[in-house]
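What follows is calculated from the coordinates using simple rules that are stated; it is not laboratory data. Just so you know, these numbers come straight off a predicted model, no measurement behind them. Here Cβ is always computed from backbone atoms with ideal geometry, including for glycine, and neighbour counts include all displayed protein chains.
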Amino acid sequence: MRKTHRPRRLVVGDQCWLWTVRHRHPECREVLSLRREGSREVLRIVFRPGPGRFVPDGFLHSGAVMDDRRRSLNLHEPGVVRKLLDAAVGDAALPDRTEGSGERGGLPTTAGARERELDGWPLFDAVVGSGPAPPSSRRLTP
């Protein structure tokens, strides 16, 4: 059986990222933490429950986030983590790699430890897209 809190590796180009998924309290939330190997900077993508937004609470499995349109992501799947990381980088949500370089795609490379937290729901929408409406609300045409 896999130890769920042990960091997993995700290779993106020439970079290796370490990532974990945790459920946190108080203020129930699902947190995907990403760190470039060899770096102490951490990117946390946080999913908090709200109107039409659901995180594991006994109804969903660990790592699941879902909206009221029944679109869901499993944060334990490497492909999902990669898409969320790409969405964060694509939206320029991450700071420049080096000061003044204008280059995007990584966490800052300062010597001290830093943490950056992003709301996961806008990234969720970017990853799952608009998608089809749930079956119960589809209209059938003759």
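List of remarks:
- Intensity falloff of the range 1-87 expressed as log10 I(q)/I(0), Debye formula with alpha-carbon point scatterers, at q = 0.16, 0.23, 0.26 Å⁻¹: -0.64, -1.19, -1.40
- Estimated inter-spin distance, HIS23 and ASP125, nm [label 7 Å along Cα→Cβ]: 2.7 nm
- FRET efficiency, ASN74 to ARG40 (Cβ-Cβ, R0 30 Å, nearest 0.05): 0.60
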